[in-house]
Structure formats: structure tokens, C-alpha cells
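Scroll down for the structure; my scribbles are underneath it.
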Amino acid sequence: LRLLALLSPSLLLVFAIIIVPIGWLFWLSLFDEAGGFSAANYARFFEQASYIKTFVTTFKVAFIVTGACVLLGYPLAYMLSQLPRRAASICLIFVILPFWTSVLVRTYAWLVILQRKGLINSWLIDLGVISQPLSLANNFPGVVIGMTHILLPFLVLPLYASMKTIDTDCLRAGMNLGAGPVATFRQIFFPLSLPGLASGVVIVFVLCLGFFVTPALMGGGKVIMWAMRMEQTTSLYSNWGAGAALGVVLLVVTLALLGLFQWLLGARATGVWSSR
């Protein structure tokens, strides 16, 4: 009872700001445009090709952006983890610095850089690499570039924290036993860094599923993601029930993926320990 009394303020806060809004969202999704109780909003998701296309596009962008963040973020986090403490702290400031600027401002900056007469195309033309400007904005590549830049710190920070906790004695022991630098990294360092990598991947992937500002601006109306479909359904068509249903579907899919990911991590950990 004492523990319950101590936890009650936190539980009430969670109930008020999470459980109640989600419950209201689900309740709202059960009413059609005429105000009647119906499951038509959920049936529309399976019947209309535009919703399926949006669903596929959202996950396609999420997988590509997450993969790009891993490819760029892992070497960066590894480099930071190998630097002296003072140098690493200075470099981490540059990783955190983008958080001080809004997503909207950074997205518009990328629009200026990637447009046909922007900085990148101007440099490539001046260097003679290309003769005609590349189409880098208002399309799918623009969305991927913008989202990768914005979400990259969300992968680097937990990965760096995980790498810093790796005991260097384990690495030295491996090298003393005859393992070279590559084998030490592959068999010792990389497996020990996987928890941080997994955390970063989950954060980036989940954020991708609900991203709105950057796809809306960088996609030029050609790349419609799930959050954009929800906004169109509610603001343009004033169909709050359908918009709520889209939100519920996104929430359920996200929770299912998180559960699957947690299960895979648990199965992998069990397999590792049993093999030992």
C-alpha cells in the first residue's frame, strides 16, 4: 500500500496524458462521418489502395532512413568512443547542436541546399561532375536525406553511450590471445555494442513512422506518409473518425513491431547464453 501511495501520482499522470487520449482516439475512430457507430473507418484501410500505398511508403522510408542512420551513425559513434574524453566531449557538442534548431528550420535549410540551383548542384556543376542539376528535393531522395540528417543523433547518442561502457580489458584480452584488430572488433566489440545499436534503431524507426514536417516539405506532395494522410483526412476532409482510425492503426502496428523486436532481442540473448 505504501508503494502504491508513492506511485499513485505518477500512475494518475500516465493515465491522464496517455491512457485517456488513446482511449478517446479509439472511441472516436468507431464513428463514421454521419456520426453513426461503425467499423467502416477501419475497413477503409483495407479497401482503398491509397491507404495501402501510404502504409507501404511509410515503412519503406522508415527502413531506408534507419539503414542510412546505421551506416552513418555506427562509424561516427565508434570514432567518438575512441577519442580522448575532452575531444569526444567537444565532438558530442556538434552532434547535439542540431537539437537547438527546430526541425522546420533544418528542413527548409535542406530545401535550399538540395534545390536545382542549390549549393550541392552548384558545386557539382562547377567541378564538372555533372552538366545538368540533379533532382534532390521535392522527391523521395530528398525525404530520405532530410530525415536521415534529423534522426541521426537519435542513433548516435545511445550507441556512443553503449560503446563507452565496453570494458577495454575484454578487447586487450582478445588481442593478447592472438586476435587481430578486425577479429577483436568483429567478435568482441561489435556484439557488446549491439544493445546500444538496437536502442538507436528502435528510436529512429519509431520516429520515422510518425514523421510529418520533413516528408511534407521535402517530398513536394509526391511522398505521402502516414502522418500526412492523417492530417489530410482530418483537415481537408474533416473526417475525424477516419483520422482517428489511422492513428489507432499506426499505434497498434508500432506496438506490435516493438513487441516483435523485444522478442527477437530476448531470443537472441537466450541463444547466446545457452550457447555459452
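Computed values, structure above
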| read-out | value |
| --- | --- |
| Criterion (in contact with a Cys (Cβ under 6 Å, 6 or more places away or on another chain) and without any contact (Cβ under 8 Å) to a residue 60 or more places away in the chain) met by exactly one of Ile188, Ile130, Ile113 | Ile188 |
| Residues (on the phi < 0 side of the Ramachandran plot, over 24 Å from the mean Cα position of the chain (by Cα) and not aliphatic (A, V, I, L, M)) located in the stretch 156-183 | Asp167, Thr168, Asp169, Cys170, Arg172, Gly174, Asn176, Gly180, Pro181 |
| Sole residue being among the small types (Gly, Ala, Ser), modelled with pLDDT of 90 or more and either touching a strand residue (DSSP E or B) at 6+ places or on another chain (Cβ under 7 Å) or closer than 20 Å to Phe212 by Cα (or both), chosen from Ser89, Ser102, Ser122 | Ser102 |
| Selection count where residues are touching a Leu at 6+ places or on another chain (Cβ under 8 Å) and without any contact (Cβ under 8 Å) to a residue 60 or more places away in the chain, scope the stretch 134-152 | 2 |
| Hey, Phe140 of a type in the set (A, V, I, L, M, F, W, C), out of contact with any helix residue (DSSP H, G or I) (no Cβ under 7 Å at 6 or more places or on another chain) and within 24 Å of Val204 (Cα to Cα) or not | yes |
| Complete set of residues in the stretch 226-255 that are modelled with pLDDT of 90 or more and either of a type in the set (Lys, Arg) or not in a helix (DSSP H, G or I) (or both) | Arg229 |
| Some residue of the stretch 80-88 being among the polar types (S, T, N, Q) and without any contact (Cβ under 8 Å) to a residue 40 or more places away in the chain | yes |
| Test result for Val156, of a type in the set (Val, Ile, Thr) and either in contact with a strand residue (DSSP E or B) (Cβ under 7 Å, 6 or more places away or on another chain) or buried (at least 18 other Cβ atoms within 10 Å of the Cβ) (or both) | yes |
| Residues of the stretch 100-121 satisfying the condition of being part of a helix (DSSP H, G or I) and surrounded by 13 or more Cβ atoms within 10 Å (Cβ to Cβ) | Val103, Arg106, Thr107, Tyr108, Ala109, Trp110, Leu111, Ile113, Leu114, Ile120, Asn121 |
| Neighbours by Cβ (under 9 Å, 6+ apart or cross-chain): first from the stretch 156-174, part of a helix (DSSP H, G or I); second of a type in the set (S, T, N, Q) and surrounded by fewer than 17 Cβ atoms within 10 Å (Cβ to Cβ) | Met163/Gln82; Gly174/Gln187 |
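The values are calculated or read from the model by the stated rules, or taken from the named source; none is laboratory data. Quick caveat: nothing in here was measured; it's all calculated off a predicted structure. Note that we place each Cβ from the backbone using ideal geometry, even for glycine, and neighbour counts take in every protein chain shown.
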